[in-house]
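Working notes for the structure below.
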Amino acid sequence: AGGPEKGPPTTTHRNHTMQKLLTKELQKKLPPLYSQDGKKAETVVYGHWFSCFNGWDFYATEYDEETGDMFGFVFGAVPEMGYFNLAELEEINRKHGLNYFERETNFTPKKVTEVPRIAEAFGYLWKK
């Protein structure tokens, strides 16, 4: 009892609370682009974003602070490894005035083999 509850960082848009997709804490954890090249099954996933509207999922392994680009795993029409940009996702959120894309707030960094969806789609890349 007492005091405001601490929740995820947010902004308000049109009387709707918008989630901040990249916190400073998470930004500090994300390694730079290309730093996990060749790590295969030891590659670490640092963040997960999703959309309840279209079923897309984004898992970040690396980040470029200058451009905002992230590299990781994208599950959209087909599973793929590639780049995505959270600023673009936040722009979609602002445009629609709601959390079209959200960050999984309780996601903890883990190896790619420990994320079932990634292991299922890409595990063949790490098998000997």
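Per the listing E25, E42, the residue uniquely modelled with pLDDT of 90 or more, of a type outside the set (A, V, I, L, M, F, W, C) and in contact with a helix residue (DSSP H, G or I) (Cβ under 9 Å, 6 or more places away or on another chain) is E42. Taking residues in region 93-114 that are more than 14 Å from E25 (Cβ to Cβ), and partners anywhere that are in a loop (DSSP other than H, G, I, E, B) and open to solvent by 50 Å² or more (accessible area, probe 1.4 Å), the pairs with Cβ atoms closer than 8 Å and at least 6 places apart or on different chains are N93/Y100; G97/R14; Y100/F53; F101/W56; E102/C52.
The values are calculated or read from the model by the stated rules, or taken from the named source; none is laboratory data. These numbers come from a predicted model, not from an experiment. All Cβ positions, glycine included, derive from the backbone under ideal geometry; neighbour counts span all protein chains shown. Heavy atoms of the whole protein, side chains included, go into the accessibility calculation; ligands, DNA and RNA do not. Shrake-Rupley method; radii C 1.70, N 1.55, O 1.52, S 1.80 Å.
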